[in-house]
Amino acid sequence: MKTARLTLRRMCGDDAAALHVIMSDWQVVRQLGSWPWPPDPAFTQMRCDDTATHKRDIYGVWLHDDLIGTVGTHNSDLGYCFVADHWGQGFASEACATALDGAFADPACDKIGASAWDDNAASMRVLGKLGFVEGQSEIQHAFARAAPTLCRTFTLTRAAWQTLRADAQ
């Protein structure tokens, strides 16, 4: 899949080294729910292999020839992460919009969930731009932080997404 600036393609085992560089940055991993800290190359490899094997809708996000992040939906939840040097440039919104278009192309998908740690204001801004509506907050275990952490949850319905996309055109 392509956007105006990015290429999205399924992760595969050959992407593990590039992904591991991203997942070796504490600024990135501290905002994720299930990645270990310190980084584990075997875990990164398994995630790349697992994505290819199970055809999960998880994509590497490429800017030219550089992997700058990941985006995708799995179990009706949106997830994403990007290299810190590329934060604040609209890449997350651009890539997530493409992933949401793909998810909502499935007639069985009526809504997508997302979440962000309470201290991740940037991610909450991305979700707001994409039309997600905040739900309840809850304490969840942040694996990398090794601590219970306040998590804010969000939902986007197919109808809201279609309206947002129509309004943008």
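The values are calculated or read from the model by the stated rules, or taken from the named source; none is laboratory data. In this text the structure is predicted, and so the values were computed from the model without any measurement. Note: ideal-geometry Cβ built from the backbone for every residue, glycine included; neighbour counts use all protein chains shown.
Filtering the stretch 114-161 to residues that are among the small types (Gly, Ala, Ser), surrounded by fewer than 19 Cβ atoms within 10 Å (Cβ to Cβ) and outside any loop (DSSP other than H, G, I, E, B) leaves 121, 122, 128, 135, 137, 147, 159, 160.
The set of residues in the stretch 40-65 that are modelled with pLDDT of 90 or more, in contact with a helix residue (DSSP H, G or I) (Cβ under 8 Å, 6 or more places away or on another chain) and not in a helix (DSSP H, G or I) comprises 59, 60, 61, 63. Against the condition more than 14 Å from residue 11 (Cβ to Cβ) and among the charged types (D, E, K, R), how does residue 65 come out, does it pass? In short, yes. With respect to the conditions (1) assigned to a helix (DSSP H, G or I); (2) among the aromatic types (Phe, Trp, Tyr); (3) under 19 Å from residue 9 (Cβ atoms), residue 80 lacks only one, and its number is (1). Taking the stretch 130-165 as the range and being under 22 Å from residue 95 (Cα atoms) and within 16 Å of the chain's Cα centre (by Cα) as the test, the residues that pass are 130, 131, 132, 152, 153, 154, 155, 156. Which of the residues that make up the stretch 72-98 are over 13 Å from residue 158 (Cα atoms) and hydrophobic (A, V, I, L, M, F, W, C)? 78, 81, 82, 83, 84, 87, 91, 92, 95, 96, listed by residue number.
So which residues in the stretch 112-144 are among the charged types (D, E, K, R) and more than 19 Å from residue 75 (Cβ to Cβ), if there are any at all? Listed by number, the residues that qualify are 118, 119, 125, 129, 134. Residues that are within 23 Å of residue 119 (Cα to Cα) and of a type in the set (A, V, I, L, M) within the stretch 13-32 comprise 22, 23, 28, 29, 32, listed in sequence order.
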